[in-house]
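Below you'll find the structure I mean.
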Amino acid sequence: MMFHFILLPLILFQISNPKFDNNVTNPELCKKLQEMAIADQKYRGSDQNIKDVYPLVLDSLIKAKDYTQQTFDLLPEHEQGKIKRLSFKLLSHHIKPKMAENKSLAKKQEKIDAANTEELIKIVKENGWVTRRSLGCDQKFRTAIIFRHAPKKYWKQARELIEKEIKAKRISEYEYYVIDNHLKGRPPLTRKRSDFPNQSWFLNSSG
C-alpha cells in the first residue's frame with residue numbers, strides 16, 4: 001500500500017458560503033472536523049518521533065559531505081537549506097507509518113477513511129465546502145485531507161462535490177487540485193503551493 005505523507009497544505013480563498021462565513025462560528029462542526037482530521041492520521045503516524053530522528057539524519061548527512069557542525073554553520077543560508085531539505089527527504093524514507101507494515105492497522109485506517117469520507121460528503125452537501133477559516137474555528141485541521149484519502153468507492157461522489165464547489169468558488173484552486181489528483185489515481189503532482197496565487201498565507205496556517 002502506498003503511503004503519502006500528509007503533508008499537504010489545503011485551504012480556501014475568501015469564500016461566500018450561504019451558511020458560513022469568516023464572521024460566523026460553528027463550534028460543534030469545528031470540533032467534528034478536528035476529530036475527523038485526528039482520526040485521519042491515527043494509523044498513518046509513526047512510532048518514531050521526527051524531532052528525535054531528524055537531527056541524527058542531518059548530522060549524518062553533514063559528515064557525509066565532509067563538513068563539521070562548525071563549517072556547516074558557516075555555509076550560506078541557501079546551501080544549508082539544500083542539505084536540510086535533503087535530510088527531510090531521506091527522513092521520509094526512513095520513517096514509515098504504522099499501517100505500512102501492519103495489514104490489520106491498514107484495514108482499520110481504511111474503515112476510518114470510509115467513515116470520514118461519508119461524513120464529509122454529508123457536511124459538504126448540507127453546508128458547501130467548509131474549512132477552519134470559513135467556520136472561524138480555533139481548532140487546527142485541513143478539510144481537504146479527508147477527500148485526499150477517500151476510498152475509491154466514494155470518488156464519484158467526491159468528484160461531483162468538488163466540481164460543484166469550484167464553480168461556486170467555495171473551494172480553493174489548490175484544495176481542488178490535490179483532491180482532483182487523488183481522484184485521478186495520484187499521478188505525479190506537477191504544481192506547487194506557490195503556483196496558486198493568493199493562497200501563500202496558508203503556508204503558516206492549518207486551515
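Is it the case that Ile112 is under 15 Å from Met36 (Cβ atoms), at pLDDT 95 or above, of a type in the set (A, V, I, L, M) and in contact with a Leu (Cβ under 9 Å, 6 or more places away or on another chain)?
Working: under 15 Å from Met36 (Cβ atoms): yes; at pLDDT 95 or above: yes; of a type in the set (A, V, I, L, M): yes; in contact with a Leu (Cβ under 9 Å, 6 or more places away or on another chain): no.
No, not satisfied.
In the stretch 116-128, is there at least one residue being assigned to a loop (DSSP other than H, G, I, E, B), more than 17 Å from the chain's Cα centre (by Cα) and closer than 22 Å to Glu35 by Cα? First the steps, then the outcome.
We begin by selecting, within the stretch 116-128, every residue assigned to a loop (DSSP other than H, G, I, E, B); these are 128.
Narrowing further to those that are more than 17 Å from the chain's Cα centre (by Cα): 128.
Narrowing the set further to residues that are closer than 22 Å to Glu35 by Cα leaves 128.
Looking through the stretch 116-128, at least one residue is assigned to a loop (DSSP other than H, G, I, E, B), more than 17 Å from the chain's Cα centre (by Cα) and closer than 22 Å to Glu35 by Cα.
Within the stretch 130-158, track down each residue that is open to solvent by 60 Å² or more (accessible area, probe 1.4 Å) and not in a loop (DSSP other than H, G, I, E, B). Step through it out loud before you land on a result.
Within the stretch 130-158, the subset open to solvent by 60 Å² or more (accessible area, probe 1.4 Å) is 133, 138, 140, 142, 152-153, 156-157.
Result: Arg133, Lys152, Lys153, Lys156, Gln157.
So the check is Cβ under 6 Å with 6+ separation or different chains; which pairs have a first residue in the stretch 58-75 that's assigned to a helix (DSSP H, G or I) and a second one that's of a type outside the set (A, V, I, L, M, F, W, C)?
Leu58/Ser87; Leu61/Ser87
Select from the stretch 70-109 the residues that are open to solvent by 60 Å² or more (accessible area, probe 1.4 Å), at pLDDT 90 or above and under 30 Å from Lys153 (Cβ atoms) and list them in ascending order.
Within the stretch 70-109, Lys107, Lys108 meet the criteria.
The values are calculated or read from the model by the stated rules, or taken from the named source; none is laboratory data. Everything quoted here is computed from the prediction, not taken from an experiment. Quick reminder, even Gly has a Cβ in these numbers, built from the backbone with ideal geometry, and neighbours come from all protein chains shown. In case anyone asks, the SASA skips ligands and DNA or RNA and just uses the protein heavy atoms, side chains included. Shrake-Rupley method; radii C 1.70, N 1.55, O 1.52, S 1.80 Å.
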